[in-house]
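So the structure is just underneath, and the comments pick up after that.
The values are calculated or read from the model by the stated rules, or taken from the named source; none is laboratory data. Remember, predicted model here, so these are calculated numbers, not experimental data. Glycine gets a Cβ as well: all are built from the backbone with ideal geometry, and neighbour counts include every protein chain shown. When the accessible area is computed, the model is the full protein with side chains, heavy atoms only, and any ligands, DNA or RNA have been set aside. Shrake-Rupley method; radii C 1.70, N 1.55, O 1.52, S 1.80 Å.
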Amino acid sequence: MTLGSPKASSPAMAAFPRRLSSIVVSVGGLAVFLVLASWLLISNPIGSSVASSKKLDFPIPLVNYSNKDPRINAEIVDRSSPSGSRLEFPENSTTPDVVENGEVVKKNSTPSNLHVPMNSGGSSVISDAEEKSDQMLTQEEKTKSVFASSNITEEVESAKSSISSLETKSGITDAGSGDTAGNSSSNDLKSTDVTQSGVQSDCDLYHGNWFYDPLGPLYTNNTCPVITQMQNCQGNGRPDKEYENWRWKPFQCDLPRFDGKKFLELMRGKTLAFVGDSVARNQMESMLCLLWQVEVPKNRGNRKMQRWYFRSASVMIVRIWSSWLVHQTSEAFDFAPKGVVKLHLDVPDEGVMEAIPNFDVVVLSSGHWFAKQSVYMLNNEIVGGQLWWPDKSRPMKVNNVEAFGISVESILTALVTHPNYTGLTILRSFSPDHYEGGAWNTGGSCTGKVKPLALGEIVENGFTQIMHQKQVTGFNQAIKQATGKSKLRLMDITEAFGYRHDGHPGPYRNPDPNKITKRGPDGRPPPQDCLHWCMPGPVDTWNELVLEIIRREYEGNKTFSS
C-alpha cells in the first residue's frame, strides 16, 4: 500500500483525537499528583516521621581489663587539674550551647525556682536484706573472677565488637502491641526515637556534658529527712560541695531542672514505683527529696513496701526491694546445697509481678548483685554460678554477665506481655562504680575526686561496659516479644555517669568524727563507697530524666531547644 492511500490513513486519523484526549487526561492527572505530593512533603517532611539510625557523635571507648582482676577499673587520665578534670566553670551560665574541643561554649539562661523549705519530717524503712546490701561486697566477691567461664578474652572482645559497631538513635525506645522498634540483633545496642503514639523525640538525652550550675541543688541534706545516712555526704563530713552543682546538658537540647509541681501534675492520680536494689532506693530517695520541697508526703509504707503519698495530686511513690528482679530461693536443689541463693533466671520476681498492675510508671534498677555468690538456673536446671561451682566435671553454661542479661530479658518480657499492666516501664541502665586501682578493700578508691571528668579524660571500666551491653541486649530481646499494652523505655545513663567519679560518698559513709578519710602511711585508702551516690548530687539527674520521659509520654514531643 502507498503512504498516500486514504484507505490506509483514514482509521489512524479517526483514532488520533481519542489518543490526544487520553494524553491530556494523563498529563492532567500527573500534575494533580505532583501538586498533592509536594503539599504532603512540605507539611510532613520525611525526617519528622521516619526514624533512621545514625552513628554516635562521640568516640567509643575501648574495653580495658586487668589480666589479674577484670573487675578493677582502669586508671583515670588526670590532665592539668589537681581535681582530675579539665572542665571549666561557665560564668553566669546554666545551659552551655555546645562543647568544642572539650571546652564549654556558654549560653545564658533564666534560672529556675529555688527549693521550698520543708514543713515536717518523715522516716524511711529499710529491709534487713537491704541493710546488708549496702555494705560493700566482700573481698572474695570483688576480686575473684567476674566471669565464671574461662573465656574472658572472648567475652570481652565480643562486647567490644558489639559496642564498636553500634548505630543508635539514643532517644527513648518503645515497646508495645505491634511495635517493631526492637527488631535488631541481640548484639546491637539500638533504640528508636519514635514512640508508640507516633511522637518523635528530637533530642538525644544521653549524650552531652556536665556543666557547673551556680544555683546548686534544689534541696540540701537538711531539707530532706529521708536520706539514707550512707548517702548523706555533707552530714557525714565531706568537706567539698562542688559535686552538688554539676548538671547534665544534652548536646542537642536542655534538660530542665526538676519541677516538682510539674511532676505531680503529670502524675496526678498515678503511682510511680522504683523496683530493684539499693541503687533503686538511692534514686527513690532522690525523688522524694525533690518532691519534698513542694509538698511533704504521708508515709503509708511498711517493711515490705515503702509508700509515700502526695495528697495534693493523689500521687504515690513506691519502692519494692528486688535485688535480682528474678525468682530466688535458698532451698537445696540437685548438687547445690541449702543456703546458697538459687536464681531462676527465666522466672521474674513473683512479688514484683503481683504488684505490677497497680503501677502506672515503673523504674527498674539491677546489676550489681550479680557480683555476689549465687547459683544460676534455667528451665529448673543448674546452668552456672558466681563464686560457686563445686563440680568441676560439669560444664558451666552461664556466667554472671550472661545471667544478668537473661534476667533483664525475663523481667522486661514479663512486663511487656502482662495482660493487666498498661503502664510505662523505664529501665535505668547499669550504674557505674568508680573504684580505681582495685576493689573497695584492695586499694580501690574514689577519695579526693571533686569534679566530673571532661570529655576524653576517662578510660572506661570494662566490667561496666559488658554489663551495659548485656542489659541492652536483654532490653531489645524483650521488645521483640511485646504483646501487651505497656510501654518500655531505656534511660541510658551509663556513659554520662562514667564521668561522675566525684559523686560517690567515698570515705564519708557515716557521721563518725574520728573516721579515717585519707590514705594511710602505707598508701592504702580507707574503706569507702564508690558505688552509691551522694544526696544531693548526680543521682538527682536520674529523676530529671524520669520527669522528661514522663513528660514526653503524657504531653508529646515539646522539647526544650537550646
Using the Karplus equation 6.51 cos²θ - 1.76 cosθ + 1.60 (θ = phi - 60°), what ³J(HN,Hα) coupling, rounded to whole Hz, does each residue of the range 371-386 give in order, writing x for Gly and Pro?
8, 8, 5, 6, 10, 9, 10, 9, 6, 6, 10, 6, 10, x, x, 10
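Please identify the chymotrypsin sites (Phe, Trp or Tyr not before Pro) of the range 327-414 that satisfy two criteria: DSSP loop assignment and at most 13 other Cβ atoms within 10 Å. Which are they? Walk me through the intermediate numbers first.
Values: sites: Phe333, Phe335, Phe359, Trp369, Phe370, Tyr376, Trp388, Phe404; in loops: Phe335, Phe359, Trp388.
Answer by residue number: Phe335.
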Once you put a point 7 Å from the Cα of Lys261 and another 7 Å from the Cα of Val459, both along the Cβ direction, what distance in nm separates them?
5.0 nm
Would you work out the charge dipole size for the range 453-501 about its Cα centre, treating the Cβ of every Lys and Arg as +1 and the Cβ of every Asp and Glu as -1, and quote it to the nearest 20 debye?
460 debye
Karplus-derived HN-Hα couplings along the range 265-277 (A = 6.51, B = -1.76, C = 1.60, θ = phi - 60°), whole Hz, x at Gly and Pro
5, 4, 9, 3, x, 10, 10, 10, 10, 9, 10, x, 9
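Which of Lys372/Lys397; Lys338/Lys392; Lys304/Lys485; Lys262/Lys487; Lys449/Lys470; Lys261/Lys451 have a Cα-Cα distance over 25 Å?
Numbers: Lys372/Lys397 18 Å; Lys338/Lys392 19 Å; Lys304/Lys485 28 Å; Lys262/Lys487 22 Å; Lys449/Lys470 29 Å; Lys261/Lys451 30 Å.
Exceeds cut-off: Lys304/Lys485; Lys449/Lys470; Lys261/Lys451.
Could you do me a favour and compute the accessible area per residue for the range 301-405, 1.4 Å probe, result in Å²?
Counting only protein heavy atoms, the per-residue value for the range 301-405 is 40 Å².
Work out, step by step, the length gained on full extension between Leu215 and Arg268: first 0.36 nm times the residue separation, then minus their alpha carbon distance; give nm to one decimal. Don't skip to the end; give the middle numbers.
Details: separation 53, 0.36 × 53 = 19.08 nm, distance 2.84 nm.
Full extension of this stretch gives 16.2 nm more.
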Which order do peptides 508-521, 217-230 fall in by mean Cβ count within 10 Å, highest first?
217-230, 508-521
Rounded accessible area of Asp259 (nearest 10 Å², 1.4 Å probe)
70 Å²
For the range 413-535, the accessible surface attributable to carbon and sulfur atoms (probe 1.4 angstrom, ligands and nucleic acids excluded) amounts in percent to 51 percent
Once you order the gyration tensor axes a ≥ b ≥ c over the Cα atoms, which shape class does the range 363-433 get: rounded for a/c under 1.5, otherwise prolate or oblate by comparing a/b with b/c?
oblate
Rounded to the nearest 10 Å², what accessible area does His344 have for a 1.4 Å probe in the complete protein model?
30 Å²
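Efficiency by 1/(1 + (r/R0)^6): what FRET value for Trp388 and Glu350, r their Cβ-Cβ distance, R0 = 35 Å, to the nearest 0.05?
Numbers: r = 23 Å, r/R0 = 0.67.
E between Trp388 and Glu350, to the nearest 0.05, is 0.90.
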Please list, ordered by chain and number, the residues whose modelled amide H lies under 5 Å from the amide H of Leu488; skip anything fewer than 5 residues away on the same chain.
Ala175, Thr425
Can you pull the one-decimal nm distance between simple spin-label points at Asn299 and Thr483, each 7 Å off the Cα toward Cβ?
4.3 nm
Highest-first arrangement of 499-505, 305-311, 208-214, 318-324, where packing means the average Cβ count within 10 Å
499-505, 318-324, 208-214, 305-311
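Work out how much length Ser314 to Asn420 would gain on full extension: take 0.36 nm times their residue separation and subtract the Cα-Cα distance, in nm to one decimal.
Contour length minus the Cα-Cα distance gives 36.0 nm.
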Please list, ordered by chain and number, the residues whose modelled amide H lies under 5 Å from the amide H of Gln306; skip anything fewer than 5 residues away on the same chain.
Arg319
Backbone N under 18 Å from the Asn380 label point (7 Å along Cα→Cβ), restricted to the range 298-332:
327-332
